[in-house]
Amino acid sequence: MNVKVISRNVGLALLVSALFMFISMLVSLSDGRDSAFGPLAISFIITFIFGAFPFIFVRQSSAISQQDGFLIMMLSWLLSFIFGMLPYVLWGGEFSLVNAWFESVSGYTTTGSTILTDVEALPRSLLFWRSSTHFIGGFGVVVFLLLVLPDASPFRLRLANIELSSLSRIGYRYRSMRIVYIITAVYLGITVVTTVFLMIAGMSFFDAINHAFSIVATGGFSTKNMSLAEFDSVAINVVSMVFMIISSLHFGLIFTVVASHSFKPLFKTPVVRFFLGSIAVLSVALMLVLMIQGDYHDWGKAALESVYQVVSYMTTTGFGMSDNAAWPALAGMILMFAVLLGGCSGSTAGGIKADRIYIALKTLSRQIKYSIHPTAVRQIKIGNHSVSDAEASSVMMYIVLYCLILAAGIFLVLLCGVEPSEAVSGFISSMANAGPGVDSISALGTYAAQPASAKFIYTLGMIFGRVEIYPVIAVIYMMFRRNV
């Protein structure tokens, strides 16, 4: 284990958080030094000192191993969570230690769950910091590292390969060096364009930039207690829905569409067709449930709310344009299925990912055909990319591990005394990095009433969902092996 390499790069990740704390301080100054200026200033100083310390006292080293890369990634995330909760703890209010940890992890993992019962009680600077954690987490603290590392760095490629899963790299025709710049260009581009369109739709600049941070990161934090329902604007709902979908598509594919000035690559991709088709099917199913079992009598209203909620849950953003807490149980099941399905790999969306579900269905189809024609040779393909048997097995194993962790997490939350519907939907939504569940933790609800132990378990699910299972298990295995 190379402590020099690990400490310097983890320190760099902390400096990213310190930068946004400083920007939040500027927001506070523009408001006449609101009540969060002191907490943000103290947090900035502490985070900056810890982030800069390795650069002052630790000599640079170029040697890195695969284990070092995994530790850099995990420590970058974990320390970002810890230092990111400082502004909340120091400000006080509803932020107990557990609540501050929950809000910080939820922000960085782009889950969007909140313990706040009164979001609007927070000063604007703290609201901006809260949204900034989405922006940092959606982009990825490790991607920030890759941006500032020199091209000749001997471990830049290795870090890139650890951060970007094999599924995420499908669709890029470039080396890992350029992939980072493509991700950056698309991420910043979506943020700017979303902000502009939200302002055109009627939002103030402050609300627009905060919601743009949430949309591009598919997070869900809002500056309003009632989320987007507070604005009561069809234009804002449509803009947010469109950009939630865009943010859930493979960033390499978005880059190709923009660079080629053609939408053909978008609709030629089978995973995108599967993703958009799933949204359409689930939206129709939800609309029928609301009209048959729910208290809806207007097909137009039922259709709009169904499409919006399915998009919000399936992209794992979690915004709400209406209160779905009283919807029928079957509607909740449809939304939880959408959450598990998730967006596309190579995007900021969570869930199992549409790519993995698509590959799993293709693998299942191939096995059925093999049972009928044992001598047939069939290759699984995603567009022009052939999926090897090893990749297909890895995907199937990932889904199995995902379900096992879900089962264990739900069991532990139930032991904390949480209602079954909230325990199941809450942990599924946490691990899918979506945020809302059903009942009191619906799209316009809050996790404030959940037991402290359950909140901590939810955050473990968020971490598994954002960092993904294999890197977390790899680090746990390395720690266990070292202790043995």
(Q) Quick test of your reading of the structure: Met244 fulfils all but one of (1) under 18 Å from Phe135 (Cα atoms); (2) open to solvent by 10 Å² or more (accessible area, probe 1.4 Å). Name the failing condition by number. (A) (2)
Q. Lys268 passes all but one of (1) free of Cβ contacts under 8 Å to residues at least 60 places away in the same chain; (2) more than 22 Å from the chain's Cα centre (by Cα); which number fails?
A. (1)
Q.
Can you report the number of residues in the stretch 194-224 which are out of contact with any Gly (no Cβ under 8 Å at 6 or more places or on another chain), aromatic (Phe, Trp, Tyr) and open to solvent by less than 10 Å² (accessible area, probe 1.4 Å)?
A. 0
Q) Residues that are closer than 30 Å to Pro123 by Cα: which helices (runs of 4 or more DSSP H) entirely in the stretch 224-329 hold 1 or more of them? A) 234-247, 299-314
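Output the residues belonging to the stretch 284-317 that are free of Cβ contacts under 8 Å to residues at least 40 places away in the same chain and open to solvent by less than 10 Å² (accessible area, probe 1.4 Å). Full working, then the answer.
Going residue by residue through the stretch 284-317, those that are free of Cβ contacts under 8 Å to residues at least 40 places away in the same chain are 284, 287-288, 291-303, 305-306, 310.
Within the stretch 284-317, Ala302, Ser306, Val310 qualify.
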**Q.** Residue count, the stretch 455-468 (criterion: more than 19 Å from Cys403 (Cα to Cα) and surrounded by fewer than 22 Cβ atoms within 10 Å (Cβ to Cβ))
**A.** 1
Q.
So Ser442 passes all but one of these: (1) modelled with pLDDT under 95; (2) hydroxyl-bearing (Ser, Thr, Tyr); (3) under 23 Å from Leu75 (Cβ atoms); (4) buried (at least 21 other Cβ atoms within 10 Å of the Cβ). Which condition number does it fail?
A. (3)
Q: Within the stretch 400-438, count every residue that is of a type in the set (A, V, I, L, M, F, W, C), crowded, with 16+ Cβ neighbours inside 10 Å and part of a helix (DSSP H, G or I).
A: 11
Q) Do we have any residue at all in the stretch 424-444 that's farther than 30 Å from Ser96 by Cα, touching a Phe, Trp or Tyr at 6+ places or on another chain (Cβ under 8 Å) and in contact (Cβ under 8 Å) with a residue 60 or more places away in the chain? A) no
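The values are calculated or read from the model by the stated rules, or taken from the named source; none is laboratory data. Source: prediction; values computed, not measured. Quick reminder, even Gly has a Cβ in these numbers, built from the backbone with ideal geometry, and neighbours come from all protein chains shown. Ligands, DNA and RNA are stripped out before the accessible areas are found, and what is left, the full protein with its side chains, is counted by its heavy atoms. Shrake-Rupley method; radii C 1.70, N 1.55, O 1.52, S 1.80 Å.
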